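Take a look at the structure below.
Coordinate-derived values only; no laboratory data. What you see is a predicted model; the values in this text were computed from it and never measured. We place every Cβ from the backbone using ideal geometry, glycine too, and count neighbours over all the protein chains shown.
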Amino acid sequence: MLIHVIQSGENLWLLSRHYGVGVDEIVAANELPDANRLTVGQALVIPLPPRHIVRPGDTLWQIARLYGTTVQALLQINRIPNPYMIQPGQTIQIPPKRKPTIDVNAFSIQFDEAGAQEVRDIGRHLTYLTPFGYRIQRDGSLEAIDDTLLLQAAEQTRVVPIMAITNFSSQELGSEVAHTVLGSTELQDKLLSQIIDTMRRKNYRGLNVDFENVRPADRESYNQFLRRAVERLHTEHYFVSTSVAPKTSSAQKGLLYEAHDYEAQGSIVDFIVLMTYEWGYRFGPPQAISPIDQIRAVLDYATRVIPPQKLLMGFQLYARDWLLPHVQGQEAETFSVQEAFRRATEHGAAIQYDTRTQSPYFRYTDGQGRDHEVWFEDARSAQAKFNLVKEYQLKGISYWVLGYPFPQNWLLLEDNFRVRKL
């Protein structure tokens with residue numbers, strides 16, 4: 001795969017000629033709704049063929065750079081004795097990439113047939129699927145979810161299901177319920193028994209504990225609960241993971257962060273999901289949702305206190321549209337990357353790319369004269385995140401959340417990695 005950013009005056013026919021790829025292939029790879037409507041600054045994934053036909057002026061150095069390989073590899077696979085001895089019309093075989101193997105998780109909150117179909121569509125790219133989520137109650141019981149269709153789709157695509165438990169809801173922070181359960185071994189025993197019973201009945205293979213807004217005073221109680229959970233679930237041959245807020249130091253203050261003990265959890269559980277997204281919060285001011293500089297700061301700290309092979313880096317799949325000027329507490333609209341491209345095209349907005357955060361954005365004026373700012377992901381920002389996974393040699397990636405189409409992501413994921421299947 002190659003990423004091409006649209007410049008003024010370019011069209012798919014010119015790209016097809018330049019890269020030797022059919023227009024239909026480019027349209028299909030990017031799921032473009034209209035091949036005749038492109039936006040300046042739009043990043044397209046170009047599916048390059050496994051061979052290159054030499055054009056006048058081509059050099060092996062240029063071909064190697066285009067396909068992300070080396071001159072030496074091209075010389076070897078094509079048995080070319082001299083790098084200067086290539087001719088127009090000659091076919092150059094491209095060596096396959098060496099890809100690291102990673103684990104890929106995706107959370108889903110869409111429990112209907114459409115959600116199940118998405119799992120069937122992309123299941124080959126997933127190691128785990130985590131329906132979100134079972135909410136704990138003050139009496140140690142669980143508020144059930146109807147995850148039947150998602151679990152069936154996971155089984156059909158050889159994806160391992162993870163049971164997620166959480167303490168919060170859209171209406172409640174969950175601090176009080178966490179405090180109640182974490183303060184009672186009797187309630188914890190009841191909760192763990194219900195978890196194991198649910199996992200047995202529904203063929204879950206592992207557990208994800210996503211307790212948020214836990215009081216700082218409950219930090220050690222949370223660690224102790226995780227130790228108890230691991231002891232119980234390992235006996236039943238289940239694995240245990242957690243989701244943690246994105247911290248850059250052990251001393252980071254705030255309700256989201258203080259009870260998430262990176263070092264302790266890294267030694268207790270089997271792996272950890274870093275929730276490296278939501279800087280561009282839907283009720284906050286417009287900014288990159290998953291800025292690469294902030295993610296790097298989290299990884300710098302996390303990999304010092306947790307083995308990298310235990311870390312899944314969070315990756316958000318959605319876009320956000322903020323009204324301008326921003327009013328504190330005003331909610332941004334959340335939608336898919338594909339919808340972001342559509343809005344940019346509809347309003348004739350040139351897509352910008354912020355190099356510090358490695359994130360695309362654009363501004364437009366709607367039909368009512370209101371100004372908007374949109375931050376989203378594209379092929380460039382996805383590739384930047386994949387490069388981080390390789391650089392830090394992480395266990396893999398965890399997507400939040402399915403239900404927002406981003407076809408370029410899955411093509412680039414496959415181009416960069418082999419996804420482990422259990």
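Please give the contour-minus-distance gain from residue 350 to residue 2: 0.36 nm per residue of separation, less the Cα-Cα distance, rounded to one decimal in nm. Before the final figure, lay out each step's value.
Details: separation 348, 0.36 × 348 = 125.28 nm, distance 2.10 nm.
Separation in residues times 0.36 nm, less the Cα-Cα distance, equals 123.2 nm.
Here, region 211-293 has an Rg and a Dmax of 14.4, 47 Å when only alpha carbons are counted.
Volume per residue of the convex hull around the Cα atoms, evaluated for region 280-422, comes out as 121 Å³.
Would you mind ranking 145, 136 so that the residue whose beta carbon has the fewest other beta carbons within 10 Å leads the list?
On the way: 145 16, 136 26.
Lowest count first: 145, 136.
Under a Gaussian network description of the chain, with springs only between Cα atoms under 10 Å, the residue in 203, 167, 30 that fluctuates furthest is 203. Pair-distance distribution P(r) for region 121-167, from all Cα-Cα distances in 5 Å bins starting at 0: 5, 22, 27, 18, 13, 9, 4, 2 percent.
So how do 253, 97 line up by other beta-carbon neighbours within 10 Å, fewest first? Don't jump to the answer; show the numbers that get you there.
Working: 253 9, 97 13.
By the 10 Å Cβ count, ascending, the order reads 253, 97.
With r defined as the distance between the Cβ atoms of residue 145 and residue 59 and R0 fixed at 60 Å, what FRET efficiency is calculated, to the nearest 0.05? Once rounded, the FRET efficiency stands at 0.55. Any idea what log10 I(q)/I(0) is at q = 0.09 Å⁻¹ for region 87-228, Debye with uniform C-alpha scatterers and no solvent? At q = 0.09 Å⁻¹ the computed log10 ratios are -0.37.
Shown here is the pair-distance distribution of region 2-93: with all Cα-Cα distances grouped in 10 Å bins from zero up to the longest one, the shares run 15, 44, 27, 13, 1 percent. In the chain, the longest principal axis of the Cα atoms and the axis of helix 292-305 are about 50 degrees apart.
If you look at the Cα atoms of region 134-198, you get an Rg and a Dmax of 13.6, 40 Å. Backbone phi angles across region 400-413, fed through the Karplus curve with coefficients 6.51, -1.76 and 1.60 (θ = phi - 60°), yield HN-Hα couplings of 10, 8, 4, x, 10, x, 8, x, 4, 4, 5, 5, 6, 4 Hz in residue order; Gly and Pro are listed as x.
At the listed q of 0.12 Å⁻¹, the Debye profile of region 10-163, built from one uniform point per Cα, gives log10 I(q)/I(0) equal to -0.77.
Expressed as a whole percent, how much of the Cα-Cα distance distribution for region 212-367 exceeds 27 Å?
Values: 4428 of 12090 pairs.
Pairs farther apart than 27 Å: 37 percent.
Shape summary of the chain, radius of gyration then Dmax from alpha carbon positions: 23.6, 77 Å.
In Å³ and rounded to a whole number, note down the convex hull volume per residue for the Cα atoms of region 204-255.
Working: hull volume 4.3 nm³, N = 52.
Dividing the Cα hull volume of region 204-255 by its residue count gives 83 Å³.
Secondary structure note: in the chain, about 45% of the DSSP beta bridges are antiparallel.
Backbone geometry of region 243-249 corresponds, through the Karplus equation with coefficients 6.51, -1.76 and 1.60 at θ = phi - 60°, to 3J(HN,Hα) couplings of 10, 10, 5, x, 9, 10, 6 Hz, x marking Gly and Pro. Residues whose amide H comes within less than 5 Å of that of residue 375, counting only those at least five positions distant or on another chain, are 320, 322 (H built at 1.01 Å from N in the peptide plane).
Panel order for 347, 18, by other beta carbons found within 10 Å of each beta carbon, from fewest to most: 18, 347. Applied to region 16-32, the Karplus parametrisation 6.51 cos²θ - 1.76 cosθ + 1.60 on θ = phi - 60° returns per-residue 3J(HN,Hα) values of 4, 5, 5, 9, x, 10, x, 4, 4, 5, 5, 4, 5, 4, 9, 6, 6 Hz, with x for Gly and Pro.
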